[in-house]
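J.: Pasting in a structure now, in structure tokens, and then I'll have a few things to ask.
The values are calculated or read from the model by the stated rules, or taken from the named source; none is laboratory data. These numbers come from a predicted model, not from an experiment. Backbone-built Cβ (ideal geometry, glycine too); neighbour counts: all protein chains shown. Only protein heavy atoms, including side chains, enter the accessible area calculation; ligands, DNA and RNA are left aside. Shrake-Rupley method; radii C 1.70, N 1.55, O 1.52, S 1.80 Å.
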Amino acid sequence: MAASSRAQVLRLYRALLRESQRFSGYNYRTYAIRRIRDAFRENKNIADSEQIEELLNKAKANLEVIQRQV
């Protein structure tokens, strides 16, 4: 993975975790954090750039959903 792509993924990961911390309900907050961590761990060994781009777009969409809900 290119360095810029890695930095982009880490930035997105941190943004998702940061936004998830803003959920007022404990159950929503812990579920969102657990789901984010599990998804990133599950996909950490993917090397195909097209698949990485697809997953990044999906994560960005999820970030927008989280931002609307908190």
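J.: Tell me the angle of helix 3-20 to the major Cα principal axis of the chain, expressed in degrees between 0 and 90 and rounded to the nearest ten.
T.: Taking Cα atoms only, the helix is inclined about 10 degrees.
J.: Also, I was wondering about something else. Just to be sure I understand, if you calculate Kirkwood radius over Cα pairs in Å for this structure, which of (1) 13.7; (2) 13.4; (3) 12.5 do you get?
T.: This structure yields the entry labelled (3).
J.: Turning to a different aspect of this structure: About the Cα centre of the chain, how large is the charge dipole given +1 on each Lys and Arg Cβ and -1 on each Asp and Glu Cβ? Please answer in debye to the nearest 20.
T.: Values: 14 positive and 8 negative charges, 95 e Å.
Magnitude of the dipole: close to 460 debye.
J.: Which whole-number percent is the relative contact order of the chain (Cα, under 8 Å, 6+ apart)?
T.: Computed value for the chain: 47 percent relative contact order.
J.: Counting heavy atoms of the protein chains only and a 1.4 Å probe, report the per residue accessible area for the stretch 2-68 as a whole number of Å².
T.: Details: 5130 Å² over 67 residues.
For the stretch 2-68, the per-residue accessible area is 77 Å².
J.: Still on this structure: Carbon and sulfur: what percent of the stretch 2-68's accessible surface (1.4 Å probe)?
T.: Roughly 47 percent, rounded to a whole number.
J.: Moving on to the next point. What do you get for the angle between helix 49-69 and the principal long axis of the chain? Use alpha-carbon atoms, 0 to 90 degrees, nearest ten.
T.: Roughly 10 degrees, rounded to the nearest 10.
J.: Same structure, new question: Which one of ALA32, VAL65, LEU12 has its Cα pushed farthest toward the positive end of the charge dipole of the stretch 2-68, where Lys and Arg give +1 and Asp and Glu give -1 at the Cβ?
T.: Checking the options against the dipole of the stretch 2-68, the answer is ALA32.
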